[in-house]
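A.B. asks: Take this structure first; my questions come after.
The values are calculated or read from the model by the stated rules, or taken from the named source; none is laboratory data. As the structure is a prediction and not an experimental result, all values here were calculated from the model. We place every Cβ from the backbone using ideal geometry, glycine too, and count neighbours over all the protein chains shown.
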Amino acid sequence: MIVQAAIEDTTDLNILFQLHRHKDHLLQLCATWDLAVRGIPCAMSRKDWGPSVEEMGKAHRYEFEKQVINADSDSEEGELANDEIDLNEEESIEDAEFLDNLEMSALIDEFRGQL
């Protein structure tokens with residue numbers, strides 16, 4: 001929210017560039033930690049303090065997209081690739097959550113065994 005307010009108040013192009021880079025970095029950080037901290041209860045909703053759903057969606061898609069430009073691809077192929085990325089993203093998120101749950105369960109069992 002502070003970065004967004006600074007972007008809206010600034011007219012210097014150099015500072016705007018740096019603020020947008022900082023905002024993108026913070027979005028990537030939020031997207032990276034999103035799954036890990038999702039289960040932690042919080043009194044505030046993300047709407048009160050964090051990025052919008054659209055910004056988070058862009059940050060998640062950026063993580064799973066190829067970071068190259070292919071000049072030969074048609075727009076239809078690009079649309080199909082985006083659909084495939086969305087399906088792969090959902091599968092990888094489910095897999096990551098499953099593995100996190102397994103690890104957490106193993107840690108809890110180990111801790112209880114030590115008591």
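Condition check ((1) on the phi > 0 side of the Ramachandran plot; (2) surrounded by 11 or more Cβ atoms within 10 Å (Cβ to Cβ); (3) at pLDDT below 80) across all residues:
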site	(1), (2), (3)
D9	no, no, no
L19	no, yes, no
L27	no, yes, no
L35	no, yes, yes
R38	no, no, yes
G50	no, yes, yes
F64	no, yes, yes
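A.B. asks: Return the residues of the range 1-25 that are among the β-branched types (V, I, T) and assigned to a loop (DSSP other than H, G, I, E, B); say none if nothing qualifies.
C.D. replies: T10, T11
A.B. asks: Let me ask something else. Which residues, counting only those in the range 26-51, are closer than 22 Å to S92 by Cβ and assigned to a helix (DSSP H, G or I)?
C.D. replies: L27, Q28, L29, C30, A31, T32, W33, D34, L35, A36, V37, R46
A.B. asks: Quick check on the range 71-115: of everything there that is hydroxyl-bearing (S, T, Y) and in a helix (DSSP H, G or I), which residue is modelled with the highest pLDDT?
C.D. replies: S105
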